[in-house]
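Here the structure is laid out as C-alpha cells; the discussion comes afterwards.
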There are 2 protein chains.
Amino acid sequence: VEGAVAAVRAGYAEVVLIGDEARLKTELARLSVSEPRLRVHHASEVITMHDHPAQAAKTKKDSSMRVAFDLVERGEAQAVVSAGNSGAMMACGLFVWHRTDGVDRPGVVTTFPTRGGVCALCDMGANTECKPITLAHFAVLAAVYVRLNHQKARPRVGLLSNGAEPSKGTELTRAAHRLLAATVDKSADFEYVGYVEGRDIFSGAVDVVVTDGFTGNVVLKASEGVAQLLLESLKAEVLAAGRLGKLGALLLRSAFQRLKTRLDYAEHGGAPLVGVDGVAVLCHGGSNAKAIKNGIRVAAGFAKSDLSGEVKRAIARHAGWWTGDLQHVSSQ
Amino acid sequence: VEGAVAAVRAGYAEVVLIGDEARLKTELARLSVSEPRLRVHHASEVITMHDHPAQAAKTKKDSSMRVAFDLVERGEAQAVVSAGNSGAMMACGLFVWHRTDGVDRPGVVTTFPTRGGVCALCDMGANTECKPITLAHFAVLAAVYVRLNHQKARPRVGLLSNGAEPSKGTELTRAAHRLLAATVDKSADFEYVGYVEGRDIFSGAVDVVVTDGFTGNVVLKASEGVAQLLLESLKAEVLAAGRLGKLGALLLRSAFQRLKTRLDYAEHGGAPLVGVDGVAVLCHGGSNAKAIKNGIRVAAGFAKSDLSGEVKRAIARHAGWWTGDLQHVSSQ
C-alpha cells in the first residue's frame, strides 16, 4: 500500500489496490491517504506460495491476483504488478490473457548490473523444464525487452552454459545452441554470440543471457546471496578496523550508498512476464515499499511502450525460422 | 612452477613437476631453484581444454595429466594437482584409478565462504547430467569432505532448488528429494534439511549443497562474477569520491585486504575430485602461483587424512539404503 501511494504521488500511474477491502482501507487510513488516483477493489481470496499455480489461477476466481488479470482483460487496467506466487502469475497470464501468438512459453526477464550497464536474463523461474525452441524464443523475448528498456539497437545474446566450448552444456543447451547457431542471421533483431558462462552475466560481454527457469532462479538468488554476504563482511571488517576504520567508513559513506543503490533490486523495479498478451510485472518476494513503487513505474512504462505488442511483432518476424521440422537442426 | 617451488619450501610436500622437461627446467633455472624435494618428470603430450575428456584420458598416454595419474597408481606419488581440463581429470580418475566401490559418479567439491564459515558444493562441473542416486551419493561425498576438512561432526546437507516447497524443482531434484527424504535418518553421517535456494549457499544455513554439475558450475562462475563486479565498483566509487574518499580508502585498506583474502579462490586451494580411489585436486583454470601452492597444500592434507578411504567407508555405510528397487521411492 505504501509503495502504491508513493507511485501515485510520483505520477507514475493510477493504481487499483486489489485485496481484502477492510485491511486495505485500514492501511490507507493509517497512512492518512485520501487520493483520487488510488482506488480499492475487493477480492475475497488469496493465492498463496503453496498453491498449485495452474489450479489456483483457474479455481480461485476471486483471488487478488486472478481479479487483477481479469480487470486488465476487461480494459479496466493496463498492467498487473505483484510480489506474489510467480508460477501463478504465469498461469493467470496464460489462462486469462493467453500467450502471444507463436510463443512456445512466456518467460520472466530479470536484469543484473554489469560493468558497463545491465544484462537481461530470461527465464528467471517461471519455466523449470524447457525445450530447445523455448530457449530460442526467450532470446527473442529478452532482446525486445532490452531494445525497449535499455536502448540497445541489436542486443548480443548468449546461452548460459558450463563452458564456452560447444561440447559443454546439457542435452538441452546443446540442442538450443545448434538451433540458434543454425538460424540466427543478420536479419535477426539480435546477435547470437553462442555459449556464455556464469561470470559473463556480470562482465558486460552480452546484453541478454538465456537459460531455463531453474538455472535462472538459482543464479539470481545465489547472486543476491553473494552480494549480501560481501556487503555484510565489508561492514564487519570496517567495525573490526577500530577508530581509524570508522573514520574511513564515514568518509566513504556516500560511495557505499551509491554502490548499494546500484545493487539493490528494489531500485530496479521488478521483472516483466514476457510472451503473454498484456503487461505483468513480478516484484521480489521480499519487496519493500520502494520496490513496489518502482515495480509500478516500470509496469506503466511497459504499457506505454507497448511491450507486449512489440513482442508479438518480434515473434512474428523470427518464428518462421523455427516452425516446421527442426529435427535436422536439433539432432545434428 | 612458481607455486610448486613455494609449496616445497613451505614444507607442504615433495613435488613432481610433470610436463615438457626442457620448458620446466628453463623455468626452474629462471627462478634459480635447485631443490632436492622437487623433481621433473617428462611428458610429451598435453590434454587441452578442447579435447574430449574420456577419449583424451585413454589415448593421450604420455600427456602430463595421464602420467600424473599413472604415477600415483604405481605408488610413486600420493596425489594429483592440476589446473587443466576438469572433465579429463575425472576421466583419468575413473580410467586409471577406478571409482570408489558403490559410488554412482564421482563429484567435484568446491567451497564457498558463508556468514559463519564455509559451504561445500558438489558437483561443481564434472557431471552435467545426473540421476537421483547420483545426487544422493554427492550428499555422502561432500559430507565426508566437510567432516574431515572443516570439523563438522554432522553436516547439514541441502538440495539446491528454485524454491523451498517440495513442488518446486525439476523432475531430477524432486526425485532426488523424495529419495533423500525417505531414506536419510539419524544413523546417517549427515542431516538432510531438504530443498535450499541459491542464497542459502552463502547464508550459513547448511554445510553442504548438492546439485548437478551444470548448475554447480554456473553458480560458481556467477558468484565469482558478482564478487569481482562488486569489488571493482567499490574501487570506482572510492576513486569518484575525491580526496576525502581516497583518505577513507587508505584508512580502510587493511579491512579491504582481509575481505579480498576471504573471497579469493587462490587462498582456498582447489577442489577435490571425490569418489575415485585416490586424491586429485582441481585448481581454478586461472590459477596464479599462490593458488597452485595452496592446491598442493590441500592435496597433501587429503592424502594424510585418507580422504578417499573415508569416502569408501562412508559409501559402504550409506549405500545399502540406495541399492535394489528404488522405484517405489523415486516415482512417489
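The values are calculated or read from the model by the stated rules, or taken from the named source; none is laboratory data. Not measured: the values here are computed from a predicted model. Glycine gets a Cβ as well: all are built from the backbone with ideal geometry, and neighbour counts include every protein chain shown. In case anyone asks, the SASA skips ligands and DNA or RNA and just uses the protein heavy atoms, side chains included. Shrake-Rupley method; radii C 1.70, N 1.55, O 1.52, S 1.80 Å.
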Distance (nanometres) between label positions extended 7 Å along Cα→Cβ at B:Leu250 and A:Arg154: 4.9 nm
Given charges at Cβ of Lys, Arg, Asp, Glu: region B:43-111 dipole, positive-most of B:Val108, B:His52, B:Phe95: B:His52
Chain A: most fluctuating residue of A:Gly198, A:Gly270, A:Gly245 per GNM, C-alpha cutoff 10 Å: A:Gly245
Charge dipole magnitude, Cβ of K and R +1, D and E -1 - the protein assembly as shown, Cα centre, debye nearest 20: 1960 debye
Within a Gaussian network of chain B (alpha carbon springs, distance under 10 Å), most fluctuating of B:Gly309, B:Gly248, B:Gly116: B:Gly248
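How well do other chains shield peptide A:207-217, expressed as the mean number of their Cβ atoms within 10 Å of each residue Cβ?
On the way: counts 0, 0, 1, 0, 1, 4, 2, 12, 9, 2, 6.
Whole-number average of other-chain Cβ neighbours for A:207-217 is 3.
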Net dipole in debye of region B:28-151 [+1 Lys, Arg Cβ; -1 Asp, Glu Cβ; about Cα centre; nearest 20]: 200 debye
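Roughly how many debye, to the nearest 20, is the charge dipole of region A:211-308 about its Cα centre, given +1 on each Lys and Arg Cβ, -1 on each Asp and Glu Cβ, and no other charges?
Working: 12 positive and 8 negative charges, 132 e Å.
Result for region A:211-308 is approximately 640 debye, rounded to the nearest 20.
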Where A:Lys290, B:Lys304 fall by accessible area, highest first, once all protein chains stay in place (1.4 Å): B:Lys304, A:Lys290
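Counting other C-beta atoms within 10 Å, and keeping those with at most 10, which DSSP coil trypsin sites (Lys or Arg not before Pro) do you find in region B:172-280?
B:Lys186
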Position A:Arg74, label points 7 Å along Cα→Cβ, spacing to each other copy in nm (shortest first, one decimal): 8.3
Amide H partners (placed H, <5 Å) of B:His41, local residues excluded: B:Leu17, B:Ile18, B:Gly19
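From other protein chains only, count the Cβ atoms within 10 Å of every residue's Cβ in B:55-67, then give the mean. Write down the numbers at each step before the final one.
Values: counts 0, 0, 0, 0, 0, 0, 0, 0, 0, 0, 0, 0, 0.
Counting other chains' Cβ atoms within 10 Å and averaging over B:55-67 gives 0.
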List B:His98, B:His42, A:His41, B:His318, ordered by accessible area with a 1.4 Å probe, largest first: B:His98, B:His42, A:His41, B:His318
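Between rounded, prolate and oblate, where does region B:176-221 land on the alpha carbon gyration tensor, with a ≥ b ≥ c its root eigenvalues, rounded for a/c under 1.5, else prolate if a/b exceeds b/c? Numbers along the way, then the final one.
Working: a/c = 2.49, a/b = 1.66, b/c = 1.50.
Taking the square roots of the gyration eigenvalues as a ≥ b ≥ c, region B:176-221 is prolate.
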HN-Hα J in Hz across region B:97-107 - Karplus 6.51, -1.76, 1.60, θ = phi - 60°, x for Gly and Pro: 9, 6, 7, 4, 3, x, 7, 5, 9, x, x
Amide hydrogen neighbours beyond the local backbone of B:Tyr195, cut-off 5 Å, H modeled: B:Leu159
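If a/c stays under 1.5 just call it rounded; otherwise compare a/b with b/c (prolate if a/b is bigger, oblate if not). Do that for the protein assembly as shown, with a ≥ b ≥ c from the square roots of the Cα gyration tensor eigenvalues. Before the final figure, lay out each step's value.
Working: a/c = 1.81, a/b = 1.55, b/c = 1.16.
The shape class here is prolate.
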For chain A, built as a Gaussian network whose Cα springs stay under 10 Å, the top-fluctuating residue of A:Ala153, A:Ala136, A:Ala57: A:Ala153
Given A:Lys168/B:Lys168; A:Lys235/B:Lys290; A:Lys61/A:Lys312; A:Lys221/B:Lys186; B:Lys260/B:Lys290, the pairs whose alpha carbons are separated by over 21 Å: A:Lys168/B:Lys168; A:Lys235/B:Lys290; A:Lys61/A:Lys312; A:Lys221/B:Lys186
Region A:121-128 - phi-based ³J(HN,Hα) in whole Hz, Karplus 6.51/-1.76/1.60, Gly and Pro as x: 10, 9, 10, 9, x, 6, 10, 6
Under the Karplus curve 6.51 cos²θ - 1.76 cosθ + 1.60, θ = phi - 60°, whole-Hz ³J(HN,Hα) for region B:284-290, x wherever Gly or Pro sits: 4, x, x, 4, 9, 4, 5
Accessible area per residue in Å² at 1.4 Å probe, computed on region A:148-191: 46 Å²
Average other protein chain Cβ within 10 Å of Cβ, residues B:239-248: 4
Other-copy label distances relative to A:Ser254, 7 angstrom Cα-Cβ extension, nm: 2.9
Nitroxide proxy distance, nm - points 7 Å out along Cα→Cβ at A:Arg9 and A:Lys186: 5.4 nm
Label distances, nm, B:Thr59 versus same residue in remaining copies, Cβ-directed 7 Å point: 5.8
Filtered trypsin sites (Lys or Arg not before Pro), region B:38-87: DSSP coil and at most 15 other beta carbons within 10 Å: B:Lys61, B:Arg74
Local electrostatic count at A:Val103 - Lys and Arg +1, Asp and Glu -1, tallied over other residues with Cβ under 14 Å: +1
Extension gain, A:Glu76 back to A:Glu171 (0.36 nm per residue minus Cα-Cα distance, nm): 29.7 nm
Surrounding net charge for B:Lys246, when Lys and Arg each add one and Asp and Glu each subtract one, Cβ distance under 12 Å: +2
Label zone at B:Lys25, where the point sits 7 Å out along the Cα-to-Cβ direction: region B:38-60 residues whose backbone N lies under 13 Å: B:40-43
Within region A:86-168, trypsin sites (Lys or Arg not before Pro) in DSSP loop having at most 15 other beta-carbon neighbours inside 10 Å: A:Arg115
